[in-house]
Amino acid sequence: MVIEVPFELGQRVWVVYKEAITKKEVERWYDHLGIGETVHTVTVGYRWVIRETAFRYGLLDKYPLDRICRNEHLAKYKVMRLEAYDKRSERKNG
């Protein structure tokens, strides 16, 4: 199967991807040996992020072709659409 790639190697592109929003929670505990604490990283939610990079074929392994944009305005529009889709899904599911 041959895929037509509309980008050239080294061309400036914008990649849209989902990034996890995390926070650190500290659990303090007390026992006969004294006081201790354990730090956990908890995922609170997700957000859509735009990153500018040079095109290389390795990007196609990590991201679908429709998430790689030719210009920044198209990437911002795609983020807006994906956020709206996520909100619609949340309302429908819960």
Förster radius 35 Å - calculated FRET efficiency between Glu83 and Ile35, Cβ distance, rounded to 0.05: 0.25
Inter-label distance, nm, simple model (7 Å from Cα along the C-beta direction), Val42/Glu90: 1.7
Separation in nanometres of the label points that stand 7 Å from Cα toward Cβ, at Val5 and Lys62: 1.4
0 to 90° range, to nearest 10: angle between helix 72-93 axis and the chain longest Cα axis: 50
Reachable lysines from Lys62, criterion Cα separation under 19 angstrom, eight or more residues apart if same chain: Lys18, Lys78
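Any idea what the dipole of the chain comes to, in debye rounded to 20, about its Cα centre with Lys/Arg Cβ at +1 and Asp/Glu Cβ at -1?
On the way: 18 positive and 14 negative charges, 95 e Å.
In total the dipole reaches around 460 debye.
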Whole-number percent relative contact order across the stretch 23-85, with pairs defined as alpha carbons under 8 Å at least 6 apart: 25
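Where a number appears in this text, it was derived from the coordinates with a stated rule and is not lab data. All figures in this text were calculated on a predicted structure; none of them were measured in a lab. Neighbour counts are summed over all protein chains in view; Cβ atoms, including those assigned to glycine, are modelled from backbone coordinates with ideal geometry.
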